1. Give, rounded to the nearest 20 debye, the magnitude of the charge dipole that the range 159-242 has about its Cα centre when Lys and Arg contribute +1 at Cβ and Asp and Glu contribute -1 at Cβ.
2. Please give the FRET efficiency for Ala44 paired with Ser352, using the beta carbon to beta carbon distance and R0 = 22 Å, rounded to the nearest 0.05.
3. Mean shadow of the range 231-325, computed from the convex hull of its alpha carbons, in nm²?
4. Neighbour counts of other C-beta atoms within 10 Å: give me His77, His306 arranged from fewest to most.
5. Say the dipole of the range 133-412 comes from +1 at the beta carbon of Lys and Arg and -1 at that of Asp and Glu; which of Leu161, Ser401, Gln233 then lies farthest toward its positive end?
6. Take the Cα atoms of the range 288-382, find their three principal axes, and give me the spread along each one in whole Å, biggest first.
7. Given H placed on each backbone N at 1.01 Å, which residues far from Val267 in sequence or on other chains put an amide H within less than 5 Å of it?
8. If you take every DSSP beta bridge whose two residues both sit in the range 133-412, what share of them, in percent to the nearest 5, is antiparallel?
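Every read-out reported here was derived from the displayed coordinates using simple, explicitly stated rules and does not represent laboratory data. The shown structure was predicted, so the numbers you read here are calculated from the model rather than taken from an experiment. Neighbour counts run over all protein chains shown; Cβ positions are idealised from the backbone, glycine included.
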Amino acid sequence: MTTTTTGAQECAGTAPPWDLLGAAPSSPVRAAIAEQLFRHAVRALPVRVAFAGGGVLGAGGPESPLMRVEDPKAFFHRLGVDAKIGFGESYMAGEWTSPEPAELLTPFAERIATLVPAPLQGARRWVEARQPSTERGTVAGARENIHRHYDLSNDVFATFLDETMTYSAALFPPGGDDLAAAQVRKIDRILDLAAVGPGTELLEIGTGWGALAGRAARRGARVTTLTLSAEQQRYAQEFLAEGGLADRVEVRLADYREITGRFDAVVSVEMIEAVGREFWPAYVSALDRLVAPGGRIGLQAITMPHDRMLATSGSYTWIHKYIFPGGQLPSIEALEAAFDEHTGLRRTERHSFGPSYATTLRHWRERFLDRWDDVRALGFSERFRRMWEFYLAYSEAGFRSGYLDVWQLGYRKPAQG
């Protein structure tokens with residue numbers, strides 16, 4: 001399968017974003033304020049924060065998650081520049097470490113709304129960075145945003161995904177821990193929500209690496225699947241051809257706004273998170289436009305609490321800078337309101353399974369670290385390893401804490417007449 005040259009470029013000295021970790025300007029006053037806020041935030045958390053040279057913070061005991069601050073001056077400097085970005089950048093730079101970062105970050109996620117004292121909450125919008133206009137989810141912006149993440153390297157993704165190459169929440173049964181089986185279970189459930197079967201004309205928005213399209217084709221559907229990633233398109237086409245399914249699936253390099261026609265069913269798995277809040281009406285309207293009367297829609301989406309969505313909308317975070325530019329998680333309330341206000345679709349079912357995503361992310365993080373030598377052989381740096389370890393642990397903590405959730409939603413378009 002194909003791969004990009006990101007690792008080779010890094011080795012050759014063309015620095016990718018994760019190596020641009022030079023010290024941004026920050027006054028001693030801001031660093032001092034950041035230190036006081038951090039100390040206040042962690043003093044009641046069930047963790048231990050140990051500083052190089054001595055000193056321990058937190059309400060945790062000997063068995064509690066441990067954070068080692070190896071370079072306190074650099075750590076607080078980064079927090080003073082922008083805490084939402086600096087905390088993760090400091091991990092990437094090795095200024096703080098943890099033997100189990102997901103466990104450490106979970107208490108932070110559980111109390112994320114109160115880590116900053118209430119009187120200072122209103123001042124955050126004056127000091128925090130805002131999302132760049134260049135990362136808006138326009139047709140051109142969406143292509144560049146997707147390229148920056150999904151065209152990283154098929155070979156890198158293959159090191160930590162299971163054999164289905166599925167990069168979204170798996171659906172584990174109680175007590176289950178087989179990642180590939182849980183991914184197939186998730187795919188089947190979303191196809192069931194959309195009533196996909198023999199003869200179904202199916203549109204998939206967000207191809208991934210082709211697993212869902214292939215599964216639908218094996219059910220007897222004819223599939224048009226859309227991606228903005230050239231790497232994913234090539235991989236999916238090869239994968240489907242190897243499975244004898246190329247004549248039943250068309251993999252198109254296209255935006256959801258560029259598609260015309262009507263389909264019996266539409267499915268989209270964890271794609272709305274990349275759309276951007278201002279384009280949610282256009283996205284759900286496209287679903288309504290593209291599904292035929294009487295047709296069904298299966299949607300999977302990551303969500304966050306509604307009050308936090310409103311409070312953080314437009315802010316620029318570490319995740320935006322390094323992982324998902326232009327992204328915005330909806331709340332379940334905002335998502336359902338968008339359907340109610342901008343479509344004539346009727347919801348038929350909804351189901352959340354956030355704990356399954358925590359388990360999925362644990363699998364991915366363990367597999368990524370176990371296969372790190374393979375990733376390094378592709379030309380990627382230690383900072384890249386720490387970036388992806390932090391991303392996967394940070395995300396796992398969000399689902400472990402219940403701050404993040406993931407939903408499957410079924411919709412139906414009323415039949416005419």
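1. Using Cβ point charges on Lys, Arg, Asp and Glu, the range 159-242 gives about 260 debye.
2. Efficiency, from the Cβ-Cβ distance: 0.15.
3. That works out to 8.1 nm².
4. His306, His77
5. In the range 133-412, that residue is Ser401.
6. 51, 31, 26
7. Correct list: Leu203, Glu204, Ile205, Gly298.
8. DSSP beta bridges in the range 133-412 are roughly 40 percent antiparallel.
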